[in-house]
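The values are calculated or read from the model by the stated rules, or taken from the named source; none is laboratory data. Owing to the predicted nature of the structure, the values given are computational and were not obtained by experimental measurement. Positions of Cβ are generated from backbone atoms using ideal geometry, with glycine treated the same way; all protein chains shown enter the neighbour counts.
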Amino acid sequence: MSDINNVTGSNYTSEPTQVIGDSLATGALRRKYNFGDKVSELALAQDPFFRFVSKVAKRPTDDPQFKFTEQRSSYTKRYGYIADLSTSAAAVPSGAPAATTYTAVADNIYTFAMFVDFNSNGNLGNIYGQNNSYYEGIAGTQPQHFLPGQIIKVPHASSAANSNSGTISGYTLWKVLSVDLSSSSTKAIVKAQCVKASGGAVFATDATGTTAELDAAGAALATEALEPFKSYVVGTAFAAGSGYPETWADQPYSVSTGQTQIFKTSAVMNNTDRATVLKYQANEWARIWKEKLIEHKWDIEQAMLFGQLNSTHNTTQGAVDFITQYGNTFSLTIATKTQDEFLDDLSAMLDPRYNNSASTVFFCSTAVYNWLHKLSGYFQNNIEISPNFKAEMSLMGKKKVFGIDISTISTVYGDMNVARNVHLDGTNVKMLGINMKHCAYRPLVGNGLNRDTSVYVGVQTLENSGVDRRVDQILTEAGMEFSCPETHSIWS
């Protein structure tokens, strides 16, 4: 790719001369200007996502193909699902206990075969609404966190039907005696002694019903839907002077790759037209130049939303493409979606065990933007009983953030910061919930060269006519980085 617009007759005569076709000759390279953030100052409301990332999430890169690391903590993931158990403490238990009633009494010793619904290498979990990647028997789903001396809480139900549906009636407590990670590559065999008895109950397992999602690939459930089936670590119990216990080390890191994309917009005008004073807007070049700057920014916004990471065509990752593949996905049909259903979606997205950030901005199409305002304002305007009686969703007011109009809607899960984005109009995407802490705008900067919206200026002379022609090129090379998929959501 050439970044050169050469100039005939300039003082920069050390540059080589190019001849284009038979009649157009160019001379030396003229000055190069860096616009930096100036492009994002134009027509703010048209491109809110680009405005946000260029202001609060800009992290320059010195390599057009960059890597970044994601970290997911493990302290909320110390649970397991029972695949099999043995009341006789068999070395390798067999048979899921979904249909059998057990009377676990104090000091009984059982063995449990446990698995998890995430990859222990990187703590990569299933994402709501996406295909289920981690379930029983899949590599990486062997729990690493069970240790001798721990107390684990195992839920139970009053019947097989209630166990399968996740209707839990109580729990038992078990002290871990030993853990075997060698007998199975995808399960941990936990030998445990009963501390809190059940009095006759069915253990909640993954055999059928709701937890069938754990047995085969399918649409992943929200973590709260699977909560009744999880057996958590609930502390440890050691005798005085018992010495140093066993330990474990998690691996919370995963690595992803991004890429920059080259954006070019050019403008051309001969000097005769530049020197002509016109009616309405006297300087035609100034008008065209401003339009080209906005056009350039418009193209970047479109790419940052809808682009796809592709090394063959040198394109970057877009928010819609990333979240569609890796983030939470919800449905939203304005005619039928209720406030209660929408709050359920927010509950799945904002589960504090993996997403407790208040940095999410909700970018909406025009129709959904109007719908949210109608939904949040309907109760207050039409059904308010008293000033002290508040709705679950209420419009708190508007504010400007970096020049963008933001509506703040109060919900039981915190405030939603909502921005209208006309680029989503006419698409299948109704709303994007993007955690601004986990996305970044990455312009290419290195070796003294900044390609975060640079402007290349040149004048070319048509040899036969002697007419000078102004040629300007706006060039940006930047990419997008998205991490922690579970913190981003899409409604379509």
### Query
modelled with pLDDT under 85, of a type outside the set (Asp, Glu) and surrounded by 20 or more Cβ atoms within 10 Å (Cβ to Cβ) - does that describe any residue in segment 177-198?
no
### Message
As an exercise: evaluate ALA419 against (1) surrounded by fewer than 16 Cβ atoms within 10 Å (Cβ to Cβ); (2) at pLDDT 85 or above and give the number of the one condition it does not meet.
### Response
(1)
### Summary
Residues of segment 245-272 being in a strand (DSSP E or B), more than 18 Å from THR69 (Cβ to Cβ) and among the β-branched types (Val, Ile, Thr), in sequence order, are ILE262, THR265, VAL268
### Task
Name the residue, out of THR333, THR276, that is closer than 25 Å to MET431 by Cα and loosely packed, with under 13 Cβ neighbours inside 10 Å.
THR333
### Boolean, SER74 is closer than 30 Å to SER483 by Cβ, outside the structural domain of THR247 (by TED's automatic domain parsing) and of a type in the set (Gly, Ala, Ser)
yes
### Message
Just to be sure before I move on: is GLY235 on the phi > 0 side of the Ramachandran plot and touching a residue at least 60 places away in the same chain (Cβ under 8 Å) in the structure I sent?
### Response
yes
### Task
Consider SER407 carefully, then state whether it is over 30 Å from ASN126 (Cβ atoms), among the polar types (S, T, N, Q), free of Cβ contacts under 8 Å to residues at least 60 places away in the same chain and surrounded by 17 or more Cβ atoms within 10 Å (Cβ to Cβ).
yes
### Message
Restricting to segment 28-86, name every residue that is acidic (Asp, Glu), surrounded by fewer than 21 Cβ atoms within 10 Å (Cβ to Cβ) and either farther than 30 Å from TYR232 by Cβ or at pLDDT 90 or above (or both).
### Response
ASP37, GLU41, ASP62, ASP63
### Message
Could you go through segment 141-156 and let me know if any residue there is over 30 Å from SER242 (Cα atoms), more than 24 Å from the chain's Cα centre (by Cα) and either part of a helix (DSSP H, G or I) or not assigned by TED's automatic domain parsing to the domain that holds GLY327 (or both).
### Response
yes
### Message
I'd like to check something: does segment 108-117 contain any residue that is touching a residue at least 12 places away in the same chain (Cβ under 8 Å), in a loop (DSSP other than H, G, I, E, B) and either more than 22 Å from GLN193 (Cβ to Cβ) or of a type in the set (D, E, K, R) (or both)?
### Response
yes
### segment 219-242, subset in contact with an Asp or Glu (Cβ under 8 Å, 6 or more places away or on another chain) and in a loop (DSSP other than H, G, I, E, B), residue surrounded by the most Cβ atoms within 10 Å (Cβ to Cβ)
ALA220
### Task
Return a yes/no flag: does segment 306-319 have any residue that is surrounded by 13 or more Cβ atoms within 10 Å (Cβ to Cβ), outside any helix (DSSP H, G or I) and more than 28 Å from the chain's Cα centre (by Cα).
no
### ALA139 being crowded, with 18+ Cβ neighbours inside 10 Å and touching a strand residue (DSSP E or B) at 6+ places or on another chain (Cβ under 9 Å)
no
